[in-house]
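See below for the structure under consideration.
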Amino acid sequence: MPDPIDFYFDFASPYGYFASLRIDELAANHGRTVTWRPILLGAVFKVTGMKPNLEQPLRGEYLTHDVGRIARLTGAPFTFPDSAPVNGVAASRAFYWLSDDHPEQAKLLARALFHAHFGEGQDIGPAGAVAEIAAKTLGSLGIDRAAVTTALQDPVVKDRLRTEVDDAVDRGVFGSPFVIVDGEPFWGWDRLDMVDRWLATGGW
């Protein structure tokens with residue numbers, strides 16, 4: 001079996017959200033699986049020297065226009081959150097708490113967090129909000145608020161997120177979404193069509 005496709009994203013990224021709605025189906029069409037890897041662009045920006053798009057003149061205004069246009073194009077639920085750019089630390093920690101032993105549950109949680117934030121405009125920065133969404137999404141599987149709240153403060157979980165961010169930087173990841181297919185990097189939601197073609201042809 002070929003290696004999984006690596007899908008890097010920040011929960012604060014609307015482009016990461018749009019990519020999350022498509023990446024698994026795209027990969028499955030080519031017999032591939034996807035490893036989801038949330039990261040923190042704030043830590044990456046310390047390396048690149050950049051600032052969040054929303055904090056940059058001109059680029060921030062373009063982003064707010066562009067993501068609405070993408071939502072209309074794709075039919076994706078979208079409400080620009082007042083809390084943008086959100087701090088994705090709690091959301092990312094919750095994901096990695098689940099991912100090793102329960103990767104599909106972790107993906108379910110990531111999708112629910114993305115939908116809450118960009119589909120409904122909720123603030124998913126606070127630990128309490130993440131715990132509530134996790135309990136609502138995975139409660140039938142035995143995940144409750146208390147377990148999530150405890151996990152978010154677990155040093156092992158904190159270290160895991162730091163390691164994932166460091167590893168991402170080492171692999172050249174600098175934005176969200178960022179997809180790596182057999183060592184080949186693709187940055188941006190608008191590169192998914194290229195990823196699709198790369199998988200179909202074996203590259204060029």
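As for region 86-95, it holds no residue that is surrounded by fewer than 16 Cβ atoms within 10 Å (Cβ to Cβ) and under 30 Å from D196 (Cβ atoms).
Annotation: F80 fulfils all but one of (1) farther than 19 Å from D6 by Cβ; (2) of a type outside the set (V, I, T); (3) part of a helix (DSSP H, G or I); (4) touching a residue at least 24 places away in the same chain (Cβ under 8 Å); the unmet one is (3). In summary, helices (runs of 4 or more DSSP H) completely within region 115-200 and bearing 3 or more residues that are surrounded by fewer than 19 Cβ atoms within 10 Å (Cβ to Cβ) and under 18 Å from the mean Cα position of the chain (by Cα) occur at 155-170.
Whether any residue in region 136-150 is under 14 Å from G88 (Cα atoms) and either touching a residue at least 60 places away in the same chain (Cβ under 8 Å) or touching a helix residue (DSSP H, G or I) at 6+ places or on another chain (Cβ under 6 Å) (or both) is what I want to check. No, every residue in region 136-150 fails to be under 14 Å from G88 (Cα atoms) and either touching a residue at least 60 places away in the same chain (Cβ under 8 Å) or touching a helix residue (DSSP H, G or I) at 6+ places or on another chain (Cβ under 6 Å) (or both). Taking region 24-60, which residues are in a helix (DSSP H, G or I), surrounded by fewer than 16 Cβ atoms within 10 Å (Cβ to Cβ) and modelled with pLDDT of 95 or more? Within region 24-60, E25, A28 meet the criteria. Taking each residue of region 187-204 that is farther than 16 Å from Y8 by Cα and among the charged types (D, E, K, R) and looking for partners that are at pLDDT 95 or above and surrounded by fewer than 16 Cβ atoms within 10 Å (Cβ to Cβ) with beta-carbon atoms closer than 9 Å, six or more apart or interchain, yields D196/N29; D196/H30. In this structure, does R111 turn out to be within 22 Å of G42 (Cβ to Cβ), in a helix (DSSP H, G or I), among the charged types (D, E, K, R) and touching a residue at least 12 places away in the same chain (Cβ under 8 Å)? Answer is no for this residue. Of all residues in region 20-47, those that are more than 14 Å from G175 (Cβ to Cβ) and without any contact (Cβ under 8 Å) to a residue 60 or more places away in the chain have Cβ atoms under 6 Å from Cβ atoms of residues that are among the β-branched types (V, I, T) and crowded, with 17+ Cβ neighbours inside 10 Å, 6 or more apart or on another chain, in V34/I5; V34/I23. H65 fulfils the conditions (1) in a loop (DSSP other than H, G, I, E, B); (2) free of Cβ contacts under 8 Å to residues at least 60 places away in the same chain except for a single criterion, (1).
The values are calculated or read from the model by the stated rules, or taken from the named source; none is laboratory data. None of the values given here were measured: they were computed from a predicted structure. FYI the Cβ positions are ideal-geometry reconstructions off the backbone, even for glycines, and counts take in every protein chain you see.
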